[in-house]
Number of protein chains: 2
Amino acid sequence: MKIGELSIKSGVSIRMLRYYEERGLLTPKRTASGYRDYDEEELRTLERIKLLASAGMNLNTILVFLPCIRGDQHVFEPCDELIDLLHDQIKMVNEEVAKLSHSKTVLEHFLYDIENTK
Amino acid sequence: MKIGELSIKSGVSIRMLRYYEERGLLTPKRTASGYRDYDEEELRTLERIKLLASAGMNLNTILVFLPCIRGDQHVFEPCDELIDLLHDQIKMVNEEVAKLSHSKTVLEHFLYDIENTK
DNA sequence: ATTGACCCTCACAGCGCTGTCAGGGCTTAT
DNA sequence: ATAAGCCCTGACAGCGCTGTGAGGGTCAAT
């Protein structure tokens with residue numbers, strides 16, 4: 001399957017598909033004329049990438065995490081050391097949430113003040 | 001007070017103080033020799049900027065919001081139209097939180113799978 | 001053979017800050 | 001007058017993607 005088709009199937013832009021390849025996340029074969037040629041496995045990999053990205057991982061992190069995940073989203077053996085990475089990631093998310101909840105407090109405080117002033 | 005002193009007092013880097021000026025958030029006087037000369041009022045303004053920034057506002061937003069806030073963090077009259085802006089901001093924060101909570105779900109799902117696989 | 005739709009690579013731009021460096025003046029004390 | 005320490009402007013770099021454009025092949029149908 002050529003890049004345009006994959007892009008439509010996956011909802012990932014052509015630009016990004018090429019970028020994923022550049023970063024080593026996808027490695028499609030090439031046709032004689034140099035066109036990228038993706039197979040079904042590649043599509044499944046792409047779904048995994050989207051999943052990991054939706055968990056807030058950047059591409060560097062995904063790159064090390066990716067080999068550890070099967071298409072059905074379960075993890076297999078040789079990746080025990082990634083538990084730490086996962087905990088780090090969760091910690092980052094928690095910190096982000098804490099920050100946002102603080103932001104929200106400040107904003108709501110403003111709103112309260114406005115309504116009590118006018 | 002010169003920029004270095006303000007930087008230490010406020011905890012804001014010299015680079016950022018100059019940037020705030022460039023963006024119109026601070027307007028210090030100048031000495032005869034061209035040095036920035038900040039007064040106490042400027043320091044108070046800076047505290048307000050920090051507060052707004054901690055609420056997740058970017059400088060563009062702060063720029064329109066700033067004139068509406070007194071040093072004691074209360075809002076005054078002529079800024080009613082900013083209620084919308086505030087609601088928008090809160091909405092953005094809520095969306096961000098929702099996104100993060102989804103991320104966390106995905107991550108915890110991974111963790112669960114790892115622990116049930118090994 | 002021509003056209004249109006698709007593909008290729010390379011590379012610049014932009015987000016919203018923030019650091020850092022270069023090249024140069026000012027101030028104060030010795 | 002010399003040195004240390006501060007200040008000035010201007011400009012480039014980097015984060016982590018993502019879009020877009022240039023310049024140029026390929027493929028399928030007509």
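Just to be sure I understand: with springs between alpha-carbon atoms less than 10 Å apart, which residue in B:Leu25, B:Leu63, B:Leu107 has the highest mean-square fluctuation in the Gaussian network model of chain B?
Evaluated over chain B, the most mobile residue of the options is B:Leu107.
Where along chain A is the Cβ that lies nearest the axis linking it to chain B, and how many Å separate them?
Closest to the rotation axis on chain A: A:Val97, 3.
If I compute solvent accessible area with a 1.4 Å probe over the protein chains, what percent of it on chain A is carbon and sulfur?
Solvent-exposed carbon and sulfur of chain A make up 54 percent of the total.
Accessible area per residue, 1.4 Å probe, Å², for segment B:1-78: what's the number?
Heavy-atom accessible area per residue stands at 56 Å².
So what are the ³J(HN,Hα) numbers for segment B:48-64, from phi and the Karplus equation (6.51, -1.76, 1.60; θ = phi - 60°), rounded to whole Hz, Gly and Pro as x?
Here the 3J(HN,Hα) series is 5, 4, 4, 5, 5, 4, 5, 8, x, 7, 8, 5, 4, 5, 4, 4, 7 Hz.
For segment A:1-72, what's the relative contact order in percent, using C-alpha pairs closer than 8 Å and at least 6 residues apart?
28 percent.
Can you list the lysines whose alpha carbon is less than 22 Å from that of B:Lys29, not counting same-chain residues fewer than 8 positions off?
Reachable lysines: B:Lys2, B:Lys9, B:Lys50.
Looking at segment A:86-106, which residues lose a minimum of 50 Å² of accessible area between their chain alone and all protein chains in place, measuring with a 1.4 Å probe and not counting ligands or nucleic acids?
A:Leu86, A:Ile90, A:Val93, A:Leu100, A:Lys104
Could you run the numbers on buried accessible area between A and B, total for both chains, 1.4 angstrom probe, in Å² to the nearest 100?
For A against B, buried area totals roughly 3400 Å².
Once amide H atoms are placed 1.01 Å from N in the peptide plane, what residues at a sequence separation of 5 or more from A:Leu26, or on another chain, have their amide H within under 5 Å of its amide H?
Long-range HN contacts for A:Leu26: A:Glu21.
Calculate one ³J(HN,Hα) per residue across segment A:98-111 by plugging θ = phi - 60° into the Karplus curve 6.51 cos²θ - 1.76 cosθ + 1.60, and present them in order as whole Hz with x for glycine and proline.
In residue order, the calculated couplings are 4, 4, 5, 5, 5, 4, 5, 4, 4, 5, 5, 4, 4, 4 Hz.
Excluding residues on the same chain fewer than 8 positions from B:Lys104, give the aspartates and glutamates whose Cα lies under 13 Å from its Cα.
Answer for B:Lys104, where 13 Å is the Cα cut-off: A:Asp88, A:Glu95, A:Glu96, B:Glu96, listed by chain and number.
Send over the semi-axes of chain A's equivalent ellipsoid, whole angstrom and largest first, taken as the square roots of 5 times the C-alpha gyration tensor eigenvalues.
39, 21, 10
Between the label point of A:Tyr19 and that of the same position in each other copy, find the distances and list them shortest first in nm, with every label point placed 7 Å from Cα along the Cα-to-C-beta direction.
2.2
The values are calculated or read from the model by the stated rules, or taken from the named source; none is laboratory data. Keep in mind that what you see is a predicted model, and the values were worked out from it rather than measured. Using ideal geometry, Cβ is built from the backbone for each residue, glycine included, and neighbour counts are taken over all protein chains shown. What goes into the accessible areas is simple: the full protein's heavy atoms, side chains included, and nothing from ligands, DNA or RNA. Shrake-Rupley method; radii C 1.70, N 1.55, O 1.52, S 1.80 Å.
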